[in-house]
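Read through the structure below, which is laid out as structure tokens, and then see the notes.
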Amino acid sequence: MAQTHDHEIVSIYPFTDEQVDQLMTRSSECVLMWATKDGWPVGVTHAFVWHEGKIWITFASHRHRAAAIRRDNRVSVNVSSKGYPVDDESLPSGAITFKGHGEFFDDDETKKWFYGALSKKVSPTDKAGEDFFYNLLDSPLRTILAVTPVKKIMYNGATAQQHMAGTVSEDELGERLESDKERMNKAREKIGLEPR
């Protein structure tokens with residue numbers, strides 16, 4: 001089969017809901033991004049828990065990011081398959097960026113389940129390590145941020161590779177989104193290229 005991949009068109013490589021759940025459950029880290037008071041985008045890498053469709057993260061409440069997100073709770077979170085603790089070819093490869101809204105939690109019940117879940121994720125086979133991390137997290141200045149996604153920007157690396165190799169059918173691809181239908185062709189037209 002001939003190669004049909006066009007490197008400028010990437011919105012056609014989404015994940016299924018099951019693949020999103022696998023990537024989010026198995027990847028060990030994410031990048032949380034927010035805007036500072038003067039409009040600069042900033043990102044910091046965090047361990048996280050994917051729970052009931054939300055991304056749960058923790059950090060000290062005196063960090064600049066806490067004040068910034070309380071001021072404007074629009075955030076983004078990027079998660080990559082490069083964050084898998086062990087290379088496993090059966091898991092989805094690629095990355096997702098979520099646009100979402102952040103909400104802070106400081107109650108004891110949320111802290112208990114989240115600290116437990118994050119500690120287990122960080123040390124899944126080491127009870128002593130799990131307990132150590134739980135105690136490290138359980139500090140009075142710590143807060144918990146839950147990000148509720150409103151949009152996903154996805155890149156399914158396995159589907160892209162299959163498409164480049166010509167081993168995936170067109171009906172297995174996702175819909176071409178606005179950026180790859182309208183915006184790309186406007187950009188091509190600007191420099192004298194034919195639309196695609």
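Residues checked against (1) touching a helix residue (DSSP H, G or I) at 6+ places or on another chain (Cβ under 8 Å); (2) among the acidic types (D, E); (3) modelled with pLDDT of 90 or more; (4) more than 30 Å from R63 (Cβ to Cβ):
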site	(1), (2), (3), (4)
T143	yes, no, yes, no
T148	no, no, yes, no
I153	no, no, yes, no
T159	yes, no, no, yes
S169	no, no, no, yes
E175	no, yes, no, yes
S179	no, no, no, yes
R188	no, no, no, yes
R196	yes, no, no, yes
For this session: Those residues that are touching a Ser or Thr at 6+ places or on another chain (Cβ under 8 Å), of a type in the set (V, I, T) and surrounded by fewer than 17 Cβ atoms within 10 Å (Cβ to Cβ), I need them from segment 32-61; list them, please.
Result: V42
For this session: May I ask you to verify whether G102 is on the phi > 0 side of the Ramachandran plot, touching a helix residue (DSSP H, G or I) at 6+ places or on another chain (Cβ under 9 Å) and not hydrophobic (A, V, I, L, M, F, W, C)?
Result: no
For this session: Would you mind listing the helices (runs of 4 or more DSSP H) fully within segment 108-196 where at least 2 residues are closer than 28 Å to Q19 by Cα and β-branched (V, I, T)?
Result: 108-122
Exercise. If only one of T45, T4 is at pLDDT 95 or above, hydroxyl-bearing (S, T, Y) and either within 14 Å of the chain's Cα centre (by Cα) or not in a helix (DSSP H, G or I) (or both), which one is it?
Worked result: T45
Exercise. Do we have I96 as assigned to a strand (DSSP E or B), closer than 26 Å to E175 by Cα and modelled with pLDDT of 95 or more here?
Worked result: yes
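The values are calculated or read from the model by the stated rules, or taken from the named source; none is laboratory data. All of these numbers come straight from a predicted model, not from anything done at the bench. Cβ: placed from backbone, ideal geometry, glycine included. Neighbour counts: every protein chain shown.
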